[in-house]
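Before any comments, here is the structure.
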Amino acid sequence: MTTIDLSTIREAALDLALATWYDEALRLLDATTPATGDAQGRVLLALTAADVADRADHVFGRTEAPKRFETLDAELAAYEPDASLAWNVAWVSLRRAYSLAIRNPDGSYRMGPGGRTPGEADSMVAEAIRLRDAAPDEVRRGWASVCLGWITDNVLADRDAAPAHYEVGLAAARATGDPVLLFEAQRHLGDHAHDDGDPVGARERWEESTAAGGRARHIGGTLAQQLLLAVLHRDEGDEAGARAIAGEVLRWANAIGAAGTARQAEAFLAGVDPTEAPEED
């Protein structure tokens, strides 16, 4: 039997997930057995599996996550985590709620407040604020702020209020050197710059986001970001360049099974602008 620190397994699984190797990440987690009586270790592994499965469902359009969250709930019923681990559990649960809130059953995007259950958006906003204020460190505070930006943008459709939340995430990314947080904050701030008619600002932010995604080996995210750079080529009148980039994004997205990115690339090639502001259902 080999003994290894479970936090190392968690980090390795999340790195595999960033590279879209979700099944490999889940196999690694499933093959890891905590020591007898290690309730915290079981929670940590179940949490990481739920995290990875939620990302896989979002990218691949699958339904792996529900059973992983059921396992996490079962483990939590037998163990009360410390404040740091409890924060991580709440964060993954909030991100799962957001993932479900912006998808229709067929996997297509659902944007805006229309047709939602009463209090759905308010509860997500309240939880994001709670996690931001209770974050144990700067990186986690930055992620909660970015999530508040996602909700404000895509669930509330309040485009004017969202950038301030992304700016908090950007400041945290710069202060800590976290490339994935930098990728996410600049991706969305670039989208707002583009909507505001600032192509120079959009290019600066999107190019930095793309580079940060590459540094983090965030393959799916980097492909999605490349598609936004194709938007700038089209805006500048370089349709051939725009189509060349989008064609490569489509080829790679199909190769790794990133169904959502593939749909966006196909739509872009058909003339659709993926940066259009969210519309209510």
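The values are calculated or read from the model by the stated rules, or taken from the named source; none is laboratory data. Everything numeric here is computed off the predicted structure, so don't read it as measured data. Quick reminder, even Gly has a Cβ in these numbers, built from the backbone with ideal geometry, and neighbours come from all protein chains shown.
Looking at (1) crowded, with 20+ Cβ neighbours inside 10 Å; (2) within 26 Å of residue 260 (Cα to Cα), which is the one condition that is false for residue 64? Residue 64 satisfies all of (1) crowded, with 20+ Cβ neighbours inside 10 Å; (2) within 26 Å of residue 260 (Cα to Cα) except (1). The criterion of at least 3 residues that are charged (D, E, K, R) is met by the following helices (runs of 4 or more DSSP H) wholly inside the range 181-281: 199-215, 239-256. Among all residues of the range 229-238, there is at least one that is hydrophobic (A, V, I, L, M, F, W, C) and within 20 Å of the chain's Cα centre (by Cα).
The rows are residues; the columns are (1) over 30 Å from residue 12 (Cβ atoms); (2) in contact with a Gly (Cβ under 7 Å, 6 or more places away or on another chain); (3) modelled with pLDDT of 95 or more; (4) buried (at least 19 other Cβ atoms within 10 Å of the Cβ).
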position: 181; (1), (2), (3), (4): no, yes, yes, yes
position: 213; (1), (2), (3), (4): no, yes, yes, yes
position: 227; (1), (2), (3), (4): no, no, yes, yes
position: 242; (1), (2), (3), (4): yes, no, yes, yes
position: 245; (1), (2), (3), (4): yes, no, yes, yes
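For the residues 56, 39, 13, the requirement of being closer than 23 Å to residue 223 by Cα, touching a residue at least 24 places away in the same chain (Cβ under 8 Å) and more than 15 Å from the chain's Cα centre (by Cα) singles out 13.
May I ask you to list the residues in the range 67-100 that are surrounded by 15 or more Cβ atoms within 10 Å (Cβ to Cβ) and among the acidic types (Asp, Glu)? 75 - this is the single residue of the range 67-100 that is surrounded by 15 or more Cβ atoms within 10 Å (Cβ to Cβ) and among the acidic types (Asp, Glu). The set of residues from the range 102-154 being aromatic (Phe, Trp, Tyr) and either in a helix (DSSP H, G or I) or under 21 Å from residue 82 (Cβ atoms) (or both) comprises 143, 150. Of 203, 243, 174, all but one fail to be touching a Phe, Trp or Tyr at 6+ places or on another chain (Cβ under 9 Å) and of a type in the set (D, E, K, R); the exception is 243. Taking the range 155-173 as the range and being part of a loop (DSSP other than H, G, I, E, B) and surrounded by fewer than 16 Cβ atoms within 10 Å (Cβ to Cβ) as the test, the residues that pass are 158, 160, 161.
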